[in-house]
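Below is one structure, written out as structure tokens; the observations come after it.
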Amino acid sequence: MDSDVTDSTGTPAEPGEAGDDAGGGAGETAPGTESGTDGEATGANPGPDGEATGTDAPAAAEADAADTASGDDTEGETPKRKRHWLRWAALGTSVVVLAAAGVGWWFYRKLDANITTDTTAAAELETYEKERPTPVAVDAQNILLLGSDTRSGAGNSKYGRDDGGSQRSDTTILLHIAADRQSATAMSIPRDLMVNIPSCRKPDGTRTKAQFAQFNWAFEFGGAGCTIRTVEGFTGVRIDHHMVVDFHGFKAMVDAVHGVEVCLKEPIDDADAHLKLRAGKQKLNGEQALGFVRARKSIGNGSDTERMERQQQFLGALVKKVQSNGVLLNPIRLYPVLDAATKSLTTDPGLDSLKDLYDLTRSIRNVPTEKVQFLTVPRQPYSADPNRDELVEPEASELFKRLREDTPVRVVLEKNKKKGTSGDEKPDDSGSASPTPAPTFSGTNAAVGMCE
């Protein structure tokens with residue numbers, strides 16, 4: 001036939017190409033390369049059903065196989081090996097990523113499950129919502145921190161008997177976090193402060209009567225819910241969240257940061273606090289730290305006032321230790337701290353997840369240590385009983401107003417206040433341009449170590 005042989009429809013074949021493919025001599029046309037119907041090259045003689053029946057295709061395939069076996073295709077072997085290696089590398093990477101994600105999820109679930117939710121307090125506060133203060137600075141956060149002296153927790157029984165299963169707020173701190181997250185003020189509330197305690201629901205379902213009594217009775221009467229209502233009653237500050245930590249949790253947190261350094265002017269030997277320390281500079285572990293912040297009779301004048309000041313100084317040193325060592329930014333070092341904290345932590349439903357706690361700590365982790373301030377509510381011996389405390393006015397009301405409105409609180413070291421200076425300013429003088437200077441309150445901050 002005169003028609004040209006083509007490789008594909010409409011494309012002329014090069015001279016001799018078709019013949020070479022079929023194994024014939026140069027210039028010959030391979031049998032069966034012309035289509036009987038549409039002129040397409042098929043490369044084999046079609047049978048009755050249109051399938052290739054000739055021996056040309058098998059012969060070509062055998063030739064290709066022989067070439068490969070003889071090593072003629074070595075250039076294609078390296079890419080195959082490379083693709084094989086890449087597939088295994090991708091598989092290995094996927095396994096590692098999935099394993100890491102699985103471990104991370106396990107840690108998250110474990111820490112999240114450690115936290116106990118205080119639904120009783122939430123129900124009490126919801127019942128008396130109409131009586132609670134209205135939030136003023138909505139972006140600020142007011143968190144009530146309660147250190148429970150209950151002996152019912154794991155490892156707490158050695159600190160004393162608790163026949164009735166009661167608990168008291170051994171330490172109570174109102175933590176105010178400024179809306180701009182550039183400062184935080186921790187105000188201690190004396191356990192012996194005389195205040196009005198509202199009628200509260202007891203654990204057995206009965207209710208107490210409203211009464212004027214010492215502050216830490218509120219926690220014994222009705223737990224965190226009763227304490228929050230009491231604090232809101234005499235401060236007018238809306239409490240957004242609360243946390244309760246027991247003895248064991250405090251010790252574990254100190255151990256998780258490998259101890260906190262303190263300096264003692266005199267040695268301590270307090271059997272009630274299970275504490276015996278030498279004078280001078282030393283690092284306290286969790287057990288020693290708990291005895292140090294609880295000790296009362298054997299240190300100083302034995303007053304609760306000195307104990308609160310010691311607690312503030314220690315907490316400041318703890319905050320400084322955490323920030324200076326980069327614990328918050330190092331997952332390996334942060335996990336033990338979180339594990340210790342969450343195991344003995346009871347919170348309201350708004351802070352009962354690891355994500356909630358992480359969001360809170362992330363928002364304040366960049367607060368300068370000198371802006372993390374500690375002070376005690378202005379108080380003096382109660383007129384009817386010098387063993388109890390009462391608020392000092394108008395100083396107390398001014399402090400509460402500043403916390404409500406998120407107005408900066410100036411806290412100065414006691415030694416600087418006596419000198420008439422805040423420590424970072426010049427001493428006050430009569431030539432001040434401000435007719436009503438901002439009040440100052442005695443206290444400390446996290447930048448001041450216990451050994452300075």
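Which condition breaks for ARG307 when tested against (1) at pLDDT 90 or above; (2) within 30 Å of SER397 (Cα to Cα); (3) crowded, with 18+ Cβ neighbours inside 10 Å?
Result: ARG307 fails condition (1) only.
Would you check which residues across segment 169-198 are open to solvent by 20 Å² or more (accessible area, probe 1.4 Å), polar (S, T, N, Q) and either more than 19 Å from GLY443 (Cβ to Cβ) or part of a strand (DSSP E or B) (or both) and list them?
The answer is THR171, ASN196.
Scan segment 121-141 and give yes if some residue there is at pLDDT below 65 and either touching a His at 6+ places or on another chain (Cβ under 7 Å) or surrounded by 15 or more Cβ atoms within 10 Å (Cβ to Cβ) (or both), otherwise no. Full working, then the answer.
Initially, segment 121-141 is screened for residues at pLDDT below 65, giving none.
Checked against the condition, which is being at pLDDT below 65 and either touching a His at 6+ places or on another chain (Cβ under 7 Å) or surrounded by 15 or more Cβ atoms within 10 Å (Cβ to Cβ) (or both), segment 121-141 yields no hits at all.
Within segment 425-452, which residues are touching a Lys or Arg at 6+ places or on another chain (Cβ under 8 Å) and either among the aliphatic types (A, V, I, L, M) or modelled with pLDDT under 55 (or both)? Give the derivation first.
If we filter segment 425-452 for residues that are touching a Lys or Arg at 6+ places or on another chain (Cβ under 8 Å), which is where we start, we get 427, 438-442, 445-447, 449, 451.
Those that are touching a Lys or Arg at 6+ places or on another chain (Cβ under 8 Å) and either among the aliphatic types (A, V, I, L, M) or modelled with pLDDT under 55 (or both): PRO427, ALA438, ALA446, ALA447.
Could you list all residues from segment 408-424 that are in a loop (DSSP other than H, G, I, E, B) and modelled with pLDDT under 90?
Across segment 408-424, the qualifying residues are GLY420, THR421, SER422, GLY423, ASP424.
Hey, any hits in segment 214-226 for a residue that's at pLDDT 85 or above, farther than 15 Å from ASN196 by Cα and surrounded by fewer than 22 Cβ atoms within 10 Å (Cβ to Cβ)?
Taking segment 214-226 first, the residues at pLDDT 85 or above are 214-226.
Among the residues that remain, those that are also farther than 15 Å from ASN196 by Cα are: 223-224.
Still in the list and also surrounded by fewer than 22 Cβ atoms within 10 Å (Cβ to Cβ): none.
There is no residue in segment 214-226 that is at pLDDT 85 or above, farther than 15 Å from ASN196 by Cα and surrounded by fewer than 22 Cβ atoms within 10 Å (Cβ to Cβ).
What's the total number of residues in segment 349-386 that are acidic (Asp, Glu) and over 16 Å from the mean Cα position of the chain (by Cα)?
The qualifying residues number 2.
If we keep just the residues of segment 334-362 that are touching a Gly at 6+ places or on another chain (Cβ under 7 Å) and under 19 Å from GLY147 (Cβ atoms), which is surrounded by the most Cβ atoms within 10 Å (Cβ to Cβ)?
Per the criteria, the residue is SER344.
Right, ALA279: of a type outside the set (S, T, N, Q), on the phi < 0 side of the Ramachandran plot and buried (at least 17 other Cβ atoms within 10 Å of the Cβ) or not?
On the way: of a type outside the set (S, T, N, Q): yes; on the phi < 0 side of the Ramachandran plot: yes; buried (at least 17 other Cβ atoms within 10 Å of the Cβ): no.
Judged against the criteria, ALA279 is not a match.
Quick check: is even one residue across segment 363-384 of a type in the set (Asp, Glu) and open to solvent by less than 50 Å² (accessible area, probe 1.4 Å)?
no
Pull up segment 217-269, narrow it to residues that are among the small types (Gly, Ala, Ser) and not in a helix (DSSP H, G or I), then point me to the one that is farthest from VAL448 (Cα to Cα). So that I can check it myself, show each step before the final result.
Residues of segment 217-269 that are among the small types (Gly, Ala, Ser), as a first pass: 218, 222-225, 233, 236, 249, 252, 256, 259.
After this cut, where a residue has to be not in a helix (DSSP H, G or I) as well, the list is 236, 259.
Details: GLY236: 30, GLY259: 17 Å.
Ranking the candidates gives GLY236 first.
I want to confirm something. Restricting to segment 366-407 and keeping residues that are among the hydroxyl-bearing types (Ser, Thr, Tyr) and part of a loop (DSSP other than H, G, I, E, B), which single residue is farthest from THR440 (Cα to Cα)?
SER383
Return the pairs, sorted by first residue and then second, in which the second residue is in a strand (DSSP E or B) and open to solvent by 70 Å² or more (accessible area, probe 1.4 Å), the first residue lies in segment 369-392 and is aliphatic (A, V, I, L, M), the beta carbons are less than 6 Å apart, and the residues are 6+ apart or on different chains.
From segment 369-392, the pairs are VAL392/GLN380.
So ALA273 fits all but one of (1) hydrophobic (A, V, I, L, M, F, W, C); (2) open to solvent by less than 30 Å² (accessible area, probe 1.4 Å); (3) touching a residue at least 60 places away in the same chain (Cβ under 8 Å); (4) out of contact with any His (no Cβ under 8 Å at 6 or more places or on another chain); what number is the exception?
(3)
Is it true that some residue in segment 270-287 is closer than 23 Å to LEU375 by Cα, among the acidic types (Asp, Glu) and either in a strand (DSSP E or B) or touching a Phe, Trp or Tyr at 6+ places or on another chain (Cβ under 7 Å) (or both)?
No: zero hits.
Sort through GLU398, GLU405 and tell me the only one that's at pLDDT 90 or above, under 20 Å from THR185 (Cα atoms), open to solvent by less than 80 Å² (accessible area, probe 1.4 Å) and not hydroxyl-bearing (Ser, Thr, Tyr).
GLU398
The values are calculated or read from the model by the stated rules, or taken from the named source; none is laboratory data. What you see is a predicted model, and the numbers here were worked out from it, not measured in a lab. We place every Cβ from the backbone using ideal geometry, glycine too, and count neighbours over all the protein chains shown. Ligands, DNA and RNA are excluded from the accessible area calculation, which covers all protein heavy atoms including side chains. Shrake-Rupley method; radii C 1.70, N 1.55, O 1.52, S 1.80 Å.
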